[in-house]
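Asker: Before anything else, here's the structure in question.
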Amino acid sequence: MRRIFALMIALTMSVLSYSYDFSDNNIFYTITSETTVEVSGYYSTASYGPITIPATVANGDVEYTVIGIGDNAFADRTNISDAILPETITYIGEKAFYRCNSMHTVNLPNSIERIGGHAFGGCTNLYSPIVIPPLVTRIEDETFLLCYKIPSIEIHDGVTYIGVQAFGDCKAIKEVYIPNSVTEIDRLVFFGCEALTYIHLPESLREIPYGFVQSCDMLAHIILPKSIETIGENAFRGCKKLEEIVLPENVSLIKPYAFAYSDKLERIILLSSNPPALEHPALSGIGVKTKFYVKESVVEIYKNANNGVYTTSWKNIKNKIDYKIPYPSSLKYSTYYREEFVSDFHMAVEDNTKPFVATSFTESSAILNSLDDGIVPIGTGVVLRNGKPGEEFWYQVAEDQTPTYTGINYLKGFCGEGELEPITEDGSVNFVLYDGKFCTFDNTGMLGIHKAYLQLPASAGSKQITMSFADEPSGIGEVEAEEEQKVYYNLSGMRVEKPKKGVYVQNGKKIIFK
């Protein structure tokens with residue numbers, strides 16, 4: 001009897017904890033005008049399952065339009081599996097679905113204009129993709145914090161602000177595109193997003209905020225917009241897969257622990273000719289392998305800069321400052337692509353290591369022309385032919401960052417590590433470099449950071465594309481002299497055992513069979 005009485009009291013307290021005007025089908029409503037209401041609560045003992053919010057609800061003779069979900073309306077309700085909202089909803093209040101940790105899906109109608117802070121915070125089993133409605137301009141603090149299973153988030157052009165930990169610990173999100181309309185991003189927005197591999201930042205952003213991608217374990221590459229002036233405290237702390245980052249020319253301040261404990265970070269490339277100020281302890285926690293690369297003309301300026309306090313100054317890490325950026329491949333053929341700066345391979349060219357663009361093609365061969373000065377403009381995919389196969393070489397940030405490439409080039413770029421589709425929407429075929437040839441692939445192909453791929457019209461008609469280098473007498477790039485004298489190749493670079501009439505290549509020389 002006491003247990004029943006205690007339960008009745010608990011239920012009564014649960015109902016009385018809401019401020020509401022009437023209820024219908026276990027949902028409590030508060031009247032907001034003569035014709036509208038908002039959802040203000042939910043009867044906590046209702047059976048586990050989906051909840052459907054109606055577009056209209058009647059109270060006596062009056063029918064009301066449901067226009068909002070009030071603050072805390074469904075907070076801590078563990079008996080909701082899915083939330084279905086009508087197109088009449090214009091706002092979702094603070095903590096509206098806070099810690100609904102059994103909820104799997106929710107739809108966000110296009111009619112929504114405002115989503116309150118913490119609205120879905122702690123919905124640990126929410127696994128539906130999230131599309132921010134087009135009328136929402138602000139993503140408030142902790143809106144999706146601890147939503148471990150959300151697979152993706154789509155932010156439309158029109159959002160201007162993203163709040164503190166808005167997507168913190170969203171461990172399943174892999175890619176995020178932040179549109180250029182966003183002018184302010186607060187602290188720890190993507191903290192702990194363990195699966196995040198790609199993020200696009202808006203061109204108007206001036207600061208990478210505190211803890212921006214801290215502890216994003218899978219983030220291997222990120223391009224910072226040219227507008228960035230400040231690298232915030234803990235901004236890239238604990239990014240365990242991040243190997244390199246380029247700081248744009250306008251960066252003038254680096255705050256404490258900006259790159260701390262990013263264990264694989266080997267290269268921080270600075271485009272500014274003026275050493276950024278270092279706020280103590282800006283460089284604390286950087287790895288022993290981390291080096292800083294600048295333009296050749298300003299190496300000594302950096303090495304003698306004392307624009308920090310205590311041990312935090314460029315002068316105190318001058319042994320880590322260089323201009324020779326190692327190229328991480330000793331293969332004879334590799335590909336290269338950069339979106340951040342103009343690259344200078346002129347020293348490599350002296351050893352006959354050259355960058356090439358693909359200017360034309362035949363049915364089975366790509367025709368490559370060298371960039372003789374070794375300058376690779378921004379956004380230009382190239383094939384690098386190593387003049388000393390088996391040996392590594394280096395390149396540098398070009399002193400002149402204005403060169404552009406305007407000619408035909410069938411080599412396209414890939415700025416980050418990720419997947420490449422075999423065929424594009426217009427039917428063009430993508431080829432990846434493998435073992436000295438460009439090959440098609442049946443399934444999605446993986447490309448590393450700063451790599452290029454060959455994209456040809458479907459009419460190319462071959463699954464394997466060889467390379468013909470215009471600077472070689474034969475035009476055959478992959479043909480090398482062999483000890484055996486009677487080894488022939490056709491003009492597509494394919495080995496021919498018994499040549500018939502035509503032109504062939506033997507030991508780098510053209511042979512004509514009549």
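Asker: If you check TYR48, TYR42, which single one turns out to be loosely packed, with under 11 Cβ neighbours inside 10 Å, on the phi < 0 side of the Ramachandran plot and either within 42 Å of the chain's Cα centre (by Cα) or at pLDDT 95 or above (or both)?
Answerer: TYR48
Asker: In the stretch 234-243, which residues are surrounded by 20 or more Cβ atoms within 10 Å (Cβ to Cβ) and within 15 Å of the chain's Cα centre (by Cα)?
Answerer: Going through the stretch 234-243, the residues surrounded by 20 or more Cβ atoms within 10 Å (Cβ to Cβ) turn out to be 234-239, 242.
Within the stretch 234-243, PHE236, CYS239, LEU242 qualify.
Asker: Determine if the stretch 160-178 includes at least one residue that is modelled with pLDDT of 95 or more, under 23 Å from ILE286 (Cα atoms) and more than 15 Å from the chain's Cα centre (by Cα).
Answerer: no
Asker: Still on this model: Does the stretch 309-330 hold any residues that are within 28 Å of the chain's Cα centre (by Cα) and exposed (fewer than 15 other Cβ atoms within 10 Å of the Cβ), and which are they?
Answerer: Answer for the stretch 309-330, where residues must be within 28 Å of the chain's Cα centre (by Cα) and exposed (fewer than 15 other Cβ atoms within 10 Å of the Cβ): LYS324, PRO326, PRO328, SER330.
Asker: Being in contact (Cβ under 8 Å) with a residue 12 or more places away in the chain, more than 13 Å from GLY122 (Cα to Cα), part of a loop (DSSP other than H, G, I, E, B) and acidic (Asp, Glu) narrows it down to one residue among ASP82, ASP76, ASP71; which is it?
Answerer: One residue alone meets the criteria, ASP71.
Asker: Then there's this: Within the bounds of the stretch 328-344, is there any residue that is free of Cβ contacts under 8 Å to residues at least 12 places away in the same chain and either in contact with a His (Cβ under 9 Å, 6 or more places away or on another chain) or over 18 Å from TYR410 (Cβ atoms) (or both)? Before the answer, list the steps.
Answerer: Filtering the stretch 328-344 for residues free of Cβ contacts under 8 Å to residues at least 12 places away in the same chain gives none.
No, because not a single residue in the stretch 328-344 is free of Cβ contacts under 8 Å to residues at least 12 places away in the same chain and either in contact with a His (Cβ under 9 Å, 6 or more places away or on another chain) or over 18 Å from TYR410 (Cβ atoms) (or both).
Asker: Restricting attention to the stretch 30-39, which residues are open to solvent by less than 50 Å² (accessible area, probe 1.4 Å), over 13 Å from VAL62 (Cα atoms) and not acidic (Asp, Glu)?
Answerer: THR30, VAL39 - these are the residues of the stretch 30-39 that are open to solvent by less than 50 Å² (accessible area, probe 1.4 Å), over 13 Å from VAL62 (Cα atoms) and not acidic (Asp, Glu).
Asker: Among the residues of the stretch 348-380, how many are over 30 Å from the mean Cα position of the chain (by Cα), open to solvent by less than 50 Å² (accessible area, probe 1.4 Å) and of a type in the set (S, T, N, Q)?
Answerer: Adding up the residues that qualify gives 5.
Asker: Where in the stretch 384-453 are there strands (runs of 3 or more DSSP E), lying wholly inside it, with at least 1 residues that are farther than 30 Å from ASP322 by Cα and in contact with an Asp or Glu (Cβ under 9 Å, 6 or more places away or on another chain)?
Answerer: Working: elements: 394-397, 411-414, 418-420, 429-434, 437-439, 445-447.
Because the criterion is at least 1 residues that are farther than 30 Å from ASP322 by Cα and in contact with an Asp or Glu (Cβ under 9 Å, 6 or more places away or on another chain), the strands (runs of 3 or more DSSP E) in the stretch 384-453 that meet it are 429-434, 437-439, 445-447.
Asker: Can you tell me which residues in the stretch 114-124 are open to solvent by less than 30 Å² (accessible area, probe 1.4 Å) and in a loop (DSSP other than H, G, I, E, B)?
Answerer: GLY116, GLY117, ALA119, PHE120, GLY121, GLY122, CYS123, listed by residue number.
Asker: Consider TYR327 against the criteria (1) aromatic (Phe, Trp, Tyr); (2) modelled with pLDDT under 95; (3) touching a helix residue (DSSP H, G or I) at 6+ places or on another chain (Cβ under 7 Å); (4) closer than 30 Å to VAL298 by Cα: it satisfies all of them except one. Which criterion is unmet?
Answerer: Looking at each condition in turn, TYR327 falls short on (3).
Here's the yes/no breakdown for (1) at positive phi; (2) open to solvent by less than 20 Å² (accessible area, probe 1.4 Å); (3) in contact with a helix residue (DSSP H, G or I) (Cβ under 7 Å, 6 or more places away or on another chain):
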site: PRO179; (1), (2), (3): no, yes, no
site: VAL182; (1), (2), (3): no, yes, no
site: LEU188; (1), (2), (3): yes, no, no
site: CYS193; (1), (2), (3): no, yes, no
site: SER204; (1), (2), (3): no, no, no
site: PRO209; (1), (2), (3): no, yes, no
site: PHE212; (1), (2), (3): no, yes, no
site: MET218; (1), (2), (3): no, no, no
site: ILE222; (1), (2), (3): no, yes, no
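Asker: Moving on to the next point. Have a look at GLU94, GLU87, GLU142 and point out the one that is at positive phi and open to solvent by 30 Å² or more (accessible area, probe 1.4 Å).
Answerer: GLU142
To keep it simple, each residue is scored yes or no on (1) surrounded by 23 or more Cβ atoms within 10 Å (Cβ to Cβ); (2) farther than 20 Å from ILE51 by Cβ.
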| site | (1), (2) |
| --- | --- |
| TYR98 | yes, no |
| THR105 | no, no |
| ILE112 | no, no |
| LEU126 | yes, no |
| LEU135 | no, yes |
| TYR148 | no, yes |
| TYR161 | no, yes |
| PHE167 | yes, yes |
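Asker: Those residues that are open to solvent by 10 Å² or more (accessible area, probe 1.4 Å) and either of a type in the set (D, E, K, R) or in contact with a Leu (Cβ under 7 Å, 6 or more places away or on another chain) (or both), I need them from the stretch 249-271; list them, please.
Answerer: GLU249, LYS255, ASP263, LYS264, GLU266, ARG267, LEU271
Asker: Next question. Which of the residues belonging to the stretch 75-84 are buried (at least 17 other Cβ atoms within 10 Å of the Cβ) and among the charged types (D, E, K, R)?
Answerer: Residue satisfying the conditions is ARG77 alone.
Asker: Still on this structure: Considering only the stretch 443-461, I want to know if a residue exists there that is open to solvent by 40 Å² or more (accessible area, probe 1.4 Å), among the hydroxyl-bearing types (Ser, Thr, Tyr) and over 17 Å from LYS332 (Cβ atoms).
Answerer: Yes: the stretch 443-461 contains one or more residues that are open to solvent by 40 Å² or more (accessible area, probe 1.4 Å), among the hydroxyl-bearing types (Ser, Thr, Tyr) and over 17 Å from LYS332 (Cβ atoms).
Asker: Next up: Output the residue which, of all residues in the stretch 55-68 that are over 18 Å from ASN107 (Cα atoms), of a type outside the set (A, V, I, L, M) and part of a strand (DSSP E or B), is least open to solvent (accessible area, probe 1.4 Å). Lay out the reasoning, then the answer.
Answerer: Of the stretch 55-68, the ones over 18 Å from ASN107 (Cα atoms) are 57-65.
Those left that are additionally of a type outside the set (A, V, I, L, M): 59-61, 63-65.
From what's left, part of a strand (DSSP E or B): 59, 63-65.
Numbers: ASN59: 62, GLU63: 127, TYR64: 19, THR65: 50 Å².
Of everything passing the filter in the stretch 55-68, TYR64 is least open to solvent (accessible area, probe 1.4 Å).
The values are calculated or read from the model by the stated rules, or taken from the named source; none is laboratory data. Everything numeric in this text was worked out from a predicted model, so none of it was measured. Using ideal geometry, Cβ is built from the backbone for each residue, glycine included, and neighbour counts are taken over all protein chains shown. Accessible surface is based on the protein model in full, side chains and every heavy atom, while ligands, DNA and RNA are left aside. Shrake-Rupley method; radii C 1.70, N 1.55, O 1.52, S 1.80 Å.
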